[in-house]
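The values are calculated or read from the model by the stated rules, or taken from the named source; none is laboratory data. As the structure is a computational prediction, the values presented were derived from the model and not from experiment. Cβ: placed from backbone, ideal geometry, glycine included. Neighbour counts: every protein chain shown.
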Amino acid sequence: MSGSAAVLGVILSRKFGHGVKTDGFFAAYGVYLALVLVAGSLRVIVLPRFVAARGDGRLRHEVGAWATGLAAPLAVVTAVAIAWPHGIASLLASNHDARGQAAALLPWVVTSAVAQIFGGLVASALAALDDYEWAAFGFAAGSVAGVVLTLVLVGHGVIAFGWGLALNGALTLGIPLAALLVRRGVGRSDARAWSRLLELGEGVALPFALQGLYVIGYRFASGLGAGRATTFSYAYLIAAFLVAVTATSVALVATVPFAREGSAPDRVARHVVAASWLSLAPVAAAAGVFALAGETVARRVLGSSYGGSTGAELGRLVVYLAPWMVASVAVTVTYPLVFVRGRARWLPLLAAAALGAQVLVDWALRAAFGLGGVAAGLAAMTALVLFVLLAKLGAVRRVAQGVGLAALVCGGLAVASFGLPRLVVGPVASACAGLVLYALALTLWRPAGLRHAWAYLRTLQ
(Lines give C-alpha, C1' and ligand atoms only; values in the text may rest on other atoms or scores of the structure.)
Protein backbone atom coordinates (compact mmCIF):
# COMPACT_ATOMS: atom_id res chain seq x y z
CA MET A 1 0.00 0.00 0.00
CA SER A 2 2.85 2.39 0.81
CA GLY A 3 4.50 1.49 -2.48
CA SER A 4 1.35 2.22 -4.47
CA ALA A 5 1.00 5.59 -2.75
CA ALA A 6 4.60 6.43 -3.68
CA VAL A 7 3.98 5.45 -7.31
CA LEU A 8 0.90 7.69 -7.42
CA GLY A 9 3.00 10.56 -6.08
CA VAL A 10 5.57 10.08 -8.84
CA ILE A 11 2.84 9.91 -11.51
CA LEU A 12 1.27 13.11 -10.18
CA SER A 13 4.51 15.08 -10.20
CA ARG A 14 5.69 13.86 -13.61
CA LYS A 15 2.35 14.36 -15.32
CA PHE A 16 1.17 17.61 -13.70
CA GLY A 17 4.35 19.15 -12.40
CA HIS A 18 4.14 21.71 -9.65
CA GLY A 19 1.26 24.18 -9.54
CA VAL A 20 -2.44 24.74 -8.89
CA LYS A 21 -3.51 21.29 -10.13
CA THR A 22 -1.26 19.52 -7.66
CA ASP A 23 -2.22 22.01 -4.96
CA GLY A 24 -5.85 21.07 -5.52
CA PHE A 25 -5.03 17.37 -5.40
CA PHE A 26 -3.24 17.66 -2.08
CA ALA A 27 -6.05 19.73 -0.60
CA ALA A 28 -8.47 16.86 -1.26
CA TYR A 29 -5.90 14.19 -0.39
CA GLY A 30 -5.41 15.70 3.05
CA VAL A 31 -9.08 15.00 3.77
CA TYR A 32 -8.63 11.44 2.51
CA LEU A 33 -5.63 10.86 4.79
CA ALA A 34 -7.50 12.25 7.79
CA LEU A 35 -10.43 9.89 7.23
CA VAL A 36 -8.20 6.88 6.58
CA LEU A 37 -6.68 7.46 10.02
CA VAL A 38 -10.08 6.49 11.40
CA ALA A 39 -9.67 3.07 9.78
CA GLY A 40 -6.32 2.52 11.47
CA SER A 41 -7.56 3.65 14.88
CA LEU A 42 -10.71 1.59 14.50
CA ARG A 43 -8.72 -1.63 14.30
CA VAL A 44 -6.88 -0.89 17.54
CA ILE A 45 -10.19 -0.43 19.34
CA VAL A 46 -12.36 -3.18 17.89
CA LEU A 47 -9.98 -6.13 17.56
CA PRO A 48 -9.80 -6.94 21.31
CA ARG A 49 -13.59 -6.62 21.49
CA PHE A 50 -14.08 -8.91 18.49
CA VAL A 51 -11.77 -11.56 19.93
CA ALA A 52 -13.68 -11.53 23.22
CA ALA A 53 -17.02 -11.54 21.38
CA ARG A 54 -16.01 -14.59 19.36
CA GLY A 55 -15.19 -16.43 22.56
CA ASP A 56 -18.66 -15.57 23.89
CA GLY A 57 -20.35 -16.60 20.64
CA ARG A 58 -21.61 -13.10 19.81
CA LEU A 59 -19.11 -11.91 17.19
CA ARG A 60 -21.80 -11.47 14.50
CA HIS A 61 -23.80 -9.13 16.72
CA GLU A 62 -20.73 -7.15 17.82
CA VAL A 63 -19.70 -6.59 14.21
CA GLY A 64 -23.25 -5.54 13.39
CA ALA A 65 -23.30 -3.09 16.28
CA TRP A 66 -20.12 -1.39 15.11
CA ALA A 67 -21.29 -1.29 11.50
CA THR A 68 -24.59 0.27 12.57
CA GLY A 69 -22.89 2.86 14.75
CA LEU A 70 -20.56 3.90 11.93
CA ALA A 71 -23.19 3.99 9.19
CA ALA A 72 -25.03 7.20 10.08
CA PRO A 73 -22.06 9.60 10.59
CA LEU A 74 -20.17 8.23 7.60
CA ALA A 75 -23.28 8.59 5.45
CA VAL A 76 -23.44 12.26 6.46
CA VAL A 77 -19.75 12.76 5.62
CA THR A 78 -20.24 11.17 2.21
CA ALA A 79 -23.37 13.18 1.48
CA VAL A 80 -21.68 16.48 2.35
CA ALA A 81 -18.68 15.67 0.14
CA ILE A 82 -20.96 14.86 -2.78
CA ALA A 83 -23.44 17.72 -2.32
CA TRP A 84 -21.10 20.52 -1.16
CA PRO A 85 -17.59 19.86 -2.54
CA HIS A 86 -16.96 23.49 -3.52
CA GLY A 87 -17.73 24.67 0.00
CA ILE A 88 -15.29 22.20 1.49
CA ALA A 89 -12.65 23.05 -1.12
CA SER A 90 -12.92 26.76 -0.30
CA LEU A 91 -11.91 25.93 3.27
CA LEU A 92 -8.90 23.92 2.15
CA ALA A 93 -7.28 26.01 -0.59
CA SER A 94 -6.90 29.75 -1.15
CA ASN A 95 -6.31 29.63 -4.93
CA HIS A 96 -9.48 29.60 -7.05
CA ASP A 97 -8.18 27.08 -9.61
CA ALA A 98 -6.87 24.78 -6.88
CA ARG A 99 -10.31 24.88 -5.26
CA GLY A 100 -11.87 23.68 -8.51
CA GLN A 101 -9.51 20.70 -8.70
CA ALA A 102 -10.13 19.82 -5.05
CA ALA A 103 -13.90 20.07 -5.47
CA ALA A 104 -13.84 17.63 -8.38
CA LEU A 105 -11.78 15.13 -6.38
CA LEU A 106 -13.54 15.32 -3.00
CA PRO A 107 -16.60 13.12 -3.77
CA TRP A 108 -14.33 10.33 -5.03
CA VAL A 109 -11.66 10.45 -2.34
CA VAL A 110 -14.14 10.76 0.54
CA THR A 111 -16.15 7.80 -0.77
CA SER A 112 -12.92 5.81 -1.00
CA ALA A 113 -11.93 6.75 2.55
CA VAL A 114 -15.32 5.68 3.92
CA ALA A 115 -14.89 2.33 2.19
CA GLN A 116 -11.44 2.05 3.80
CA ILE A 117 -13.00 2.60 7.24
CA PHE A 118 -15.52 -0.18 6.75
CA GLY A 119 -12.74 -2.27 5.24
CA GLY A 120 -10.79 -1.92 8.49
CA LEU A 121 -13.84 -3.07 10.44
CA VAL A 122 -14.32 -6.10 8.18
CA ALA A 123 -10.62 -6.98 8.30
CA SER A 124 -10.72 -6.94 12.11
CA ALA A 125 -13.75 -9.24 12.13
CA LEU A 126 -11.94 -11.68 9.85
CA ALA A 127 -8.87 -11.50 12.09
CA ALA A 128 -11.01 -12.51 15.05
CA LEU A 129 -11.92 -15.56 12.96
CA ASP A 130 -8.18 -16.21 12.35
CA ASP A 131 -8.59 -15.29 8.68
CA TYR A 132 -6.01 -12.80 7.39
CA GLU A 133 -5.66 -13.86 3.76
CA TRP A 134 -8.79 -12.27 2.31
CA ALA A 135 -8.16 -8.89 3.93
CA ALA A 136 -4.54 -8.92 2.76
CA PHE A 137 -5.62 -9.82 -0.76
CA GLY A 138 -8.30 -7.11 -0.78
CA PHE A 139 -5.98 -4.35 0.38
CA ALA A 140 -3.20 -5.39 -2.01
CA ALA A 141 -5.54 -5.82 -4.97
CA GLY A 142 -7.19 -2.47 -4.30
CA SER A 143 -3.85 -0.67 -4.15
CA VAL A 144 -2.54 -2.18 -7.38
CA ALA A 145 -5.82 -1.80 -9.27
CA GLY A 146 -6.08 1.83 -8.21
CA VAL A 147 -2.63 2.61 -9.61
CA VAL A 148 -3.39 0.80 -12.88
CA LEU A 149 -6.69 2.65 -13.38
CA THR A 150 -5.00 5.97 -12.65
CA LEU A 151 -2.31 5.26 -15.23
CA VAL A 152 -4.90 4.31 -17.85
CA LEU A 153 -7.08 7.40 -17.28
CA VAL A 154 -4.48 10.00 -16.28
CA GLY A 155 -5.02 11.75 -19.61
CA HIS A 156 -8.36 12.98 -18.25
CA GLY A 157 -6.59 15.09 -15.64
CA VAL A 158 -6.10 15.04 -11.87
CA ILE A 159 -9.60 13.57 -11.50
CA ALA A 160 -8.11 10.20 -12.57
CA PHE A 161 -6.48 9.95 -9.13
CA GLY A 162 -9.92 10.21 -7.55
CA TRP A 163 -11.21 7.42 -9.77
CA GLY A 164 -8.23 5.25 -8.88
CA LEU A 165 -8.72 5.80 -5.15
CA ALA A 166 -12.43 5.01 -5.49
CA LEU A 167 -11.61 1.67 -7.13
CA ASN A 168 -9.04 1.04 -4.41
CA GLY A 169 -11.67 1.58 -1.71
CA ALA A 170 -14.25 -0.60 -3.47
CA LEU A 171 -11.90 -3.60 -3.66
CA THR A 172 -10.46 -3.01 -0.19
CA LEU A 173 -13.95 -3.30 1.27
CA GLY A 174 -15.65 -5.60 -1.24
CA ILE A 175 -13.23 -8.54 -1.28
CA PRO A 176 -12.96 -9.11 2.50
CA LEU A 177 -16.66 -8.26 2.98
CA ALA A 178 -17.61 -11.04 0.58
CA ALA A 179 -15.48 -13.48 2.57
CA LEU A 180 -17.03 -12.32 5.86
CA LEU A 181 -20.57 -12.66 4.51
CA VAL A 182 -19.83 -16.19 3.31
CA ARG A 183 -18.73 -17.00 6.84
CA ARG A 184 -21.85 -15.28 8.22
CA GLY A 185 -19.73 -12.94 10.28
CA VAL A 186 -22.21 -10.04 10.32
CA GLY A 187 -25.48 -10.13 12.25
CA ARG A 188 -28.12 -7.82 13.61
CA SER A 189 -26.87 -5.07 15.91
CA ASP A 190 -27.96 -4.55 19.47
CA ALA A 191 -29.14 -1.45 21.32
CA ARG A 192 -25.60 -0.42 22.27
CA ALA A 193 -24.46 0.56 18.79
CA TRP A 194 -24.15 4.26 19.65
CA SER A 195 -21.92 3.46 22.64
CA ARG A 196 -19.46 1.91 20.17
CA LEU A 197 -19.48 5.11 18.18
CA LEU A 198 -18.71 7.12 21.31
CA GLU A 199 -15.78 4.87 22.12
CA LEU A 200 -14.52 5.18 18.56
CA GLY A 201 -14.73 8.95 18.85
CA GLU A 202 -12.45 8.83 21.86
CA GLY A 203 -10.00 6.57 20.07
CA VAL A 204 -9.75 8.42 16.77
CA ALA A 205 -9.96 12.00 18.02
CA LEU A 206 -6.23 12.49 18.52
CA PRO A 207 -4.96 10.70 15.37
CA PHE A 208 -7.54 12.67 13.42
CA ALA A 209 -6.34 15.92 15.01
CA LEU A 210 -2.68 15.10 14.33
CA GLN A 211 -3.53 14.68 10.66
CA GLY A 212 -5.58 17.84 10.93
CA LEU A 213 -2.41 19.69 11.95
CA TYR A 214 -1.05 18.93 8.50
CA VAL A 215 -4.30 20.05 6.84
CA ILE A 216 -4.06 23.37 8.69
CA GLY A 217 -0.40 23.68 7.75
CA TYR A 218 -1.28 22.99 4.13
CA ARG A 219 -3.89 25.74 4.21
CA PHE A 220 -1.35 28.27 5.43
CA ALA A 221 1.27 27.03 2.97
CA SER A 222 -1.18 27.55 0.09
CA GLY A 223 -1.28 31.25 0.93
CA LEU A 224 2.41 31.62 0.05
CA GLY A 225 1.85 31.20 -3.71
CA ALA A 226 1.00 28.58 -6.32
CA GLY A 227 2.94 25.36 -5.91
CA ARG A 228 4.30 26.10 -2.45
CA ALA A 229 1.63 23.97 -0.79
CA THR A 230 2.54 21.06 -3.09
CA THR A 231 6.19 21.35 -2.06
CA PHE A 232 5.17 21.33 1.58
CA SER A 233 2.93 18.31 0.99
CA TYR A 234 5.67 16.25 -0.64
CA ALA A 235 8.09 17.09 2.17
CA TYR A 236 5.45 16.12 4.74
CA LEU A 237 4.67 12.84 2.97
CA ILE A 238 8.37 11.95 2.90
CA ALA A 239 8.72 12.73 6.61
CA ALA A 240 5.49 10.88 7.47
CA PHE A 241 6.66 7.85 5.47
CA LEU A 242 9.88 7.72 7.51
CA VAL A 243 7.88 7.83 10.75
CA ALA A 244 5.45 5.17 9.51
CA VAL A 245 8.05 2.59 8.45
CA THR A 246 9.98 2.99 11.72
CA ALA A 247 7.89 4.03 14.72
CA THR A 248 4.54 2.70 13.49
CA SER A 249 6.05 -0.70 12.73
CA VAL A 250 7.74 -0.88 16.14
CA ALA A 251 4.55 0.19 17.91
CA LEU A 252 2.50 -2.49 16.15
CA VAL A 253 4.73 -5.35 17.25
CA ALA A 254 5.61 -4.07 20.73
CA THR A 255 2.40 -2.65 22.23
CA VAL A 256 0.62 -5.94 22.94
CA PRO A 257 3.53 -7.64 24.79
CA PHE A 258 4.07 -4.40 26.68
CA ALA A 259 0.45 -4.41 27.84
CA ARG A 260 0.78 -7.85 29.42
CA GLU A 261 3.15 -6.50 32.08
CA GLY A 262 1.28 -3.32 33.07
CA SER A 263 1.96 0.34 32.43
CA ALA A 264 4.02 1.73 35.29
CA PRO A 265 5.72 5.07 34.50
CA ASP A 266 9.19 3.50 34.47
CA ARG A 267 8.07 0.89 31.94
CA VAL A 268 6.36 3.53 29.81
CA ALA A 269 9.53 5.60 29.72
CA ARG A 270 11.76 2.65 28.87
CA HIS A 271 9.38 1.51 26.15
CA VAL A 272 9.05 4.91 24.45
CA VAL A 273 12.77 5.68 24.64
CA ALA A 274 13.75 2.27 23.26
CA ALA A 275 11.36 2.52 20.31
CA SER A 276 12.51 6.09 19.65
CA TRP A 277 16.17 5.07 19.49
CA LEU A 278 15.46 2.39 16.88
CA SER A 279 13.30 4.78 14.87
CA LEU A 280 15.49 7.88 14.96
CA ALA A 281 18.63 6.07 13.79
CA PRO A 282 17.36 5.61 10.18
CA VAL A 283 15.39 8.87 10.25
CA ALA A 284 18.59 10.86 10.90
CA ALA A 285 20.28 9.17 7.94
CA ALA A 286 17.39 10.02 5.62
CA ALA A 287 17.41 13.64 6.78
CA GLY A 288 21.13 13.82 5.98
CA VAL A 289 20.55 12.57 2.43
CA PHE A 290 17.84 15.15 1.77
CA ALA A 291 19.91 17.93 3.33
CA LEU A 292 22.69 17.38 0.80
CA ALA A 293 21.02 15.86 -2.26
CA GLY A 294 17.38 16.84 -1.88
CA GLU A 295 17.28 18.70 -5.19
CA THR A 296 18.82 15.80 -7.11
CA VAL A 297 16.57 13.19 -5.49
CA ALA A 298 13.45 15.30 -6.09
CA ARG A 299 14.34 15.99 -9.73
CA ARG A 300 15.19 12.36 -10.51
CA VAL A 301 12.10 10.91 -8.81
CA LEU A 302 9.44 13.61 -9.17
CA GLY A 303 10.47 15.10 -12.50
CA SER A 304 11.97 18.28 -13.89
CA SER A 305 9.39 20.49 -12.13
CA TYR A 306 11.25 19.70 -8.91
CA GLY A 307 14.67 20.68 -10.16
CA GLY A 308 16.52 23.83 -9.18
CA SER A 309 15.18 25.99 -6.36
CA THR A 310 11.95 23.97 -5.95
CA GLY A 311 13.82 20.71 -5.37
CA ALA A 312 16.29 22.43 -3.07
CA GLU A 313 13.40 23.86 -1.06
CA LEU A 314 11.83 20.40 -0.83
CA GLY A 315 15.07 18.99 0.56
CA ARG A 316 15.34 21.79 3.10
CA LEU A 317 11.74 21.26 4.20
CA VAL A 318 12.43 17.59 4.95
CA VAL A 319 15.27 18.75 7.20
CA TYR A 320 13.06 21.44 8.77
CA LEU A 321 10.56 18.67 9.54
CA ALA A 322 13.20 16.69 11.49
CA PRO A 323 11.99 18.07 14.87
CA TRP A 324 8.45 17.05 13.88
CA MET A 325 9.72 13.56 13.05
CA VAL A 326 11.34 13.28 16.50
CA ALA A 327 8.12 14.33 18.24
CA SER A 328 5.94 12.23 15.93
CA VAL A 329 8.02 9.10 16.54
CA ALA A 330 7.51 9.47 20.28
CA VAL A 331 3.79 10.22 19.91
CA THR A 332 3.29 7.19 17.65
CA VAL A 333 4.80 4.88 20.25
CA THR A 334 3.20 6.57 23.27
CA TYR A 335 -0.39 6.83 22.02
CA PRO A 336 -1.30 3.10 22.15
CA LEU A 337 0.00 2.95 25.73
CA VAL A 338 -2.73 5.35 26.82
CA PHE A 339 -5.31 2.66 26.03
CA VAL A 340 -3.47 0.05 28.07
CA ARG A 341 -4.90 1.86 31.08
CA GLY A 342 -8.43 1.81 29.66
CA ARG A 343 -10.63 4.44 28.06
CA ALA A 344 -9.33 8.00 27.75
CA ARG A 345 -12.30 10.36 27.66
CA TRP A 346 -10.04 13.41 27.76
CA LEU A 347 -8.51 12.74 24.32
CA PRO A 348 -11.19 14.59 22.29
CA LEU A 349 -10.60 17.70 24.39
CA LEU A 350 -6.85 17.49 23.75
CA ALA A 351 -7.51 17.02 20.03
CA ALA A 352 -9.77 20.08 19.80
CA ALA A 353 -7.30 22.23 21.76
CA ALA A 354 -4.41 21.16 19.50
CA LEU A 355 -6.30 22.06 16.33
CA GLY A 356 -7.35 25.46 17.66
CA ALA A 357 -3.85 26.32 18.85
CA GLN A 358 -2.30 25.18 15.55
CA VAL A 359 -4.16 27.89 13.65
CA LEU A 360 -2.61 30.61 15.82
CA VAL A 361 0.86 29.06 15.79
CA ASP A 362 0.94 28.62 12.00
CA TRP A 363 -0.41 32.10 11.43
CA ALA A 364 2.40 33.64 13.50
CA LEU A 365 5.26 31.43 12.28
CA ARG A 366 4.31 31.57 8.59
CA ALA A 367 4.42 35.35 8.69
CA ALA A 368 7.91 35.21 10.18
CA PHE A 369 9.55 32.24 8.42
CA GLY A 370 7.38 31.11 5.48
CA LEU A 371 7.24 27.38 4.82
CA GLY A 372 9.92 26.79 7.43
CA GLY A 373 7.62 28.43 9.96
CA VAL A 374 4.75 26.12 8.98
CA ALA A 375 7.04 23.11 9.54
CA ALA A 376 8.13 24.53 12.90
CA GLY A 377 4.50 25.02 13.94
CA LEU A 378 3.73 21.40 13.11
CA ALA A 379 6.65 20.26 15.27
CA ALA A 380 5.76 22.53 18.17
CA MET A 381 2.14 21.39 18.40
CA THR A 382 3.04 17.70 18.04
CA ALA A 383 5.58 18.10 20.85
CA LEU A 384 2.91 19.72 23.03
CA VAL A 385 0.55 16.79 22.40
CA LEU A 386 3.38 14.41 23.37
CA PHE A 387 3.92 16.33 26.60
CA VAL A 388 0.25 15.96 27.58
CA LEU A 389 0.21 12.22 26.80
CA LEU A 390 3.37 11.62 28.81
CA ALA A 391 2.08 13.74 31.69
CA LYS A 392 -0.98 11.49 31.89
CA LEU A 393 1.33 8.46 31.95
CA GLY A 394 3.70 10.04 34.48
CA ALA A 395 6.78 9.76 32.29
CA VAL A 396 7.58 13.27 31.02
CA ARG A 397 11.03 13.76 32.51
CA ARG A 398 12.42 10.31 31.76
CA VAL A 399 11.14 10.26 28.18
CA ALA A 400 12.32 13.82 27.51
CA GLN A 401 15.81 12.91 28.65
CA GLY A 402 15.93 9.62 26.75
CA VAL A 403 14.42 10.85 23.48
CA GLY A 404 16.43 14.07 23.66
CA LEU A 405 19.64 12.06 24.01
CA ALA A 406 18.65 9.80 21.11
CA ALA A 407 17.94 12.80 18.89
CA LEU A 408 21.20 14.48 19.92
CA VAL A 409 23.34 11.40 19.30
CA CYS A 410 21.73 10.35 16.01
CA GLY A 411 21.46 13.93 14.77
CA GLY A 412 25.01 14.84 15.76
CA LEU A 413 26.40 11.70 14.19
CA ALA A 414 24.48 12.46 10.99
CA VAL A 415 25.81 16.03 10.86
CA ALA A 416 29.38 14.80 11.21
CA SER A 417 29.00 11.88 8.81
CA PHE A 418 27.35 13.90 6.05
CA GLY A 419 29.00 17.25 6.70
CA LEU A 420 32.65 16.19 6.49
CA PRO A 421 32.41 14.65 2.98
CA ARG A 422 30.55 17.74 1.77
CA LEU A 423 33.66 19.81 2.47
CA VAL A 424 35.55 18.02 -0.29
CA VAL A 425 33.02 16.55 -2.80
CA GLY A 426 29.69 17.45 -4.39
CA PRO A 427 26.23 16.96 -2.89
CA VAL A 428 25.38 13.55 -4.37
CA ALA A 429 28.80 12.05 -3.69
CA SER A 430 28.83 13.45 -0.16
CA ALA A 431 25.33 12.05 0.49
CA CYS A 432 26.46 8.57 -0.58
CA ALA A 433 29.68 8.83 1.43
CA GLY A 434 27.72 10.16 4.40
CA LEU A 435 25.41 7.14 4.38
CA VAL A 436 28.41 4.80 4.45
CA LEU A 437 30.14 6.75 7.22
CA TYR A 438 26.94 6.98 9.26
CA ALA A 439 26.28 3.24 9.02
CA LEU A 440 29.90 2.42 9.89
CA ALA A 441 29.89 4.78 12.84
CA LEU A 442 26.71 3.27 14.28
CA THR A 443 28.01 -0.25 13.71
CA LEU A 444 31.43 0.35 15.27
CA TRP A 445 30.38 2.70 18.04
CA ARG A 446 27.06 1.07 18.93
CA PRO A 447 25.79 3.80 21.29
CA ALA A 448 24.67 2.49 24.67
CA GLY A 449 21.13 3.79 24.17
CA LEU A 450 20.77 1.96 20.86
CA ARG A 451 22.14 -1.29 22.32
CA HIS A 452 19.80 -1.08 25.31
CA ALA A 453 16.85 -0.32 23.02
CA TRP A 454 17.49 -3.38 20.87
CA ALA A 455 17.96 -5.62 23.93
CA TYR A 456 14.74 -4.30 25.52
CA LEU A 457 12.56 -4.89 22.49
CA ARG A 458 14.00 -8.39 21.93
CA THR A 459 13.29 -9.22 25.57
CA LEU A 460 9.78 -7.81 25.22
CA GLN A 461 9.08 -10.10 22.27
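So, in the stretch 31-40, exactly how many residues are at pLDDT 75 or above and closer than 19 Å to Thr68 by Cα?
4
Quick check on Ala352: is it surrounded by fewer than 18 Cβ atoms within 10 Å (Cβ to Cβ), out of contact with any strand residue (DSSP E or B) (no Cβ under 9 Å at 6 or more places or on another chain) and more than 22 Å from Val399 (Cα to Cα)? First the steps, then the outcome.
Working: surrounded by fewer than 18 Cβ atoms within 10 Å (Cβ to Cβ): yes; out of contact with any strand residue (DSSP E or B) (no Cβ under 9 Å at 6 or more places or on another chain): yes; more than 22 Å from Val399 (Cα to Cα): yes.
Yes, satisfied.
With surrounded by fewer than 19 Cβ atoms within 10 Å (Cβ to Cβ) and under 23 Å from Ala383 (Cα atoms) as the only criterion, which of Ala291, Ala312, Ala344, Ala330 stands out?
Ala344
Does Ala286 count as part of a helix (DSSP H, G or I) and crowded, with 24+ Cβ neighbours inside 10 Å?
Values: part of a helix (DSSP H, G or I): yes; crowded, with 24+ Cβ neighbours inside 10 Å: no.
Taking the combined requirement at face value, the residue does not satisfy it.
Of all residues in the stretch 287-311, which are in contact with a helix residue (DSSP H, G or I) (Cβ under 8 Å, 6 or more places away or on another chain) and basic (Lys, Arg)?
Within the stretch 287-311, Arg299 is the sole residue that qualifies.
Being at pLDDT 90 or above and within 20 Å of the chain's Cα centre (by Cα) narrows it down to one residue among Ala375, Ala391, Ala383; which is it?
Details: Ala375 fails: at pLDDT 90 or above; Ala391 fails: within 20 Å of the chain's Cα centre (by Cα).
Testing whether each residue is at pLDDT 90 or above and within 20 Å of the chain's Cα centre (by Cα) leaves just Ala383.
Give the residues of the stretch 213-233 that are more than 15 Å from Asp97 (Cβ to Cβ) and assigned to a helix (DSSP H, G or I), sorted by residue number. Break it down into steps so the answer makes sense when it comes.
Initially, the stretch 213-233 is screened for residues more than 15 Å from Asp97 (Cβ to Cβ), giving 213-221, 224, 231-233.
Those that are more than 15 Å from Asp97 (Cβ to Cβ) and assigned to a helix (DSSP H, G or I): Leu213, Tyr214, Val215, Ile216, Gly217, Tyr218, Arg219, Phe220, Ala221, Thr231, Phe232, Ser233.
How many residues, within the stretch 431-461, are of a type in the set (A, V, I, L, M) and surrounded by fewer than 15 Cβ atoms within 10 Å (Cβ to Cβ)? Spell out the reasoning first.
If we filter the stretch 431-461 for residues that are of a type in the set (A, V, I, L, M), which is where we start, we get 431, 433, 435-437, 439-442, 444, 448, 450, 453, 455, 457, 460.
Checking the rest, the ones that are also surrounded by fewer than 15 Cβ atoms within 10 Å (Cβ to Cβ) come to 436, 439-440, 444, 448, 455.
Adding up the residues that qualify gives 6.
Could you please tell me which pairs satisfy a Cβ distance under 6 Å, a separation of 6+ or placement on different chains, a first residue in the stretch 273-302 that is basic (Lys, Arg), and a second residue that is surrounded by fewer than 23 Cβ atoms within 10 Å (Cβ to Cβ)?
Every condition considered, the pairs that remain are Arg299/Gly307.
Can you tell which of Gly372, Gly311 is in contact with an Asp or Glu (Cβ under 7 Å, 6 or more places away or on another chain), free of Cβ contacts under 8 Å to residues at least 60 places away in the same chain and assigned by TED's automatic domain parsing to the domain that holds Ala239?
Working: Gly372 fails: in contact with an Asp or Glu (Cβ under 7 Å, 6 or more places away or on another chain).
Gly311 is the lone residue from the list that is in contact with an Asp or Glu (Cβ under 7 Å, 6 or more places away or on another chain), free of Cβ contacts under 8 Å to residues at least 60 places away in the same chain and assigned by TED's automatic domain parsing to the domain that holds Ala239.
Among the residues of the stretch 49-64, count how many are without any contact (Cβ under 8 Å) to a residue 40 or more places away in the chain and either assigned to a helix (DSSP H, G or I) or among the small types (Gly, Ala, Ser) (or both). Reasoning before the result, please.
Kept after step one, since they are without any contact (Cβ under 8 Å) to a residue 40 or more places away in the chain, are these residues of the stretch 49-64: 49, 52, 55-58, 62.
Cutting the leftovers down to either assigned to a helix (DSSP H, G or I) or among the small types (Gly, Ala, Ser) (or both) gives us 49, 52, 55, 57, 62.
Qualifying residue count for the region: 5.
Buried (at least 17 other Cβ atoms within 10 Å of the Cβ), within 20 Å of the chain's Cα centre (by Cα), among the hydrophobic types (A, V, I, L, M, F, W, C) and not assigned by TED's automatic domain parsing to the domain that holds Arg54 - does that describe any residue in the stretch 183-200?
Looking for residues that are buried (at least 17 other Cβ atoms within 10 Å of the Cβ), within 20 Å of the chain's Cα centre (by Cα), among the hydrophobic types (A, V, I, L, M, F, W, C) and not assigned by TED's automatic domain parsing to the domain that holds Arg54, one finds at least one in the stretch 183-200, hence yes.
Leu413 fails exactly one of the following numbered conditions: (1) part of a helix (DSSP H, G or I); (2) out of contact with any helix residue (DSSP H, G or I) (no Cβ under 7 Å at 6 or more places or on another chain); (3) aliphatic (A, V, I, L, M). What is the number of that condition?
(2)
Yes/no per residue for (1) in a helix (DSSP H, G or I); (2) surrounded by fewer than 17 Cβ atoms within 10 Å (Cβ to Cβ); (3) under 24 Å from the mean Cα position of the chain (by Cα):
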{"position": "Asp97", "(1), (2), (3)": "yes, yes, no"}
{"position": "Gln101", "(1), (2), (3)": "yes, no, yes"}
{"position": "Val114", "(1), (2), (3)": "yes, no, yes"}
{"position": "Ala140", "(1), (2), (3)": "yes, yes, yes"}
{"position": "Val148", "(1), (2), (3)": "yes, yes, yes"}
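Suppose we filter the stretch 283-340 for residues that are of a type in the set (Phe, Trp, Tyr) and farther than 30 Å from Leu390 by Cα; how many remain?
Filtering the stretch 283-340 down to residues of a type in the set (Phe, Trp, Tyr) leaves 290, 306, 320, 324, 335, 339.
Narrowing further to those that are farther than 30 Å from Leu390 by Cα: 290, 306.
Count: 2.
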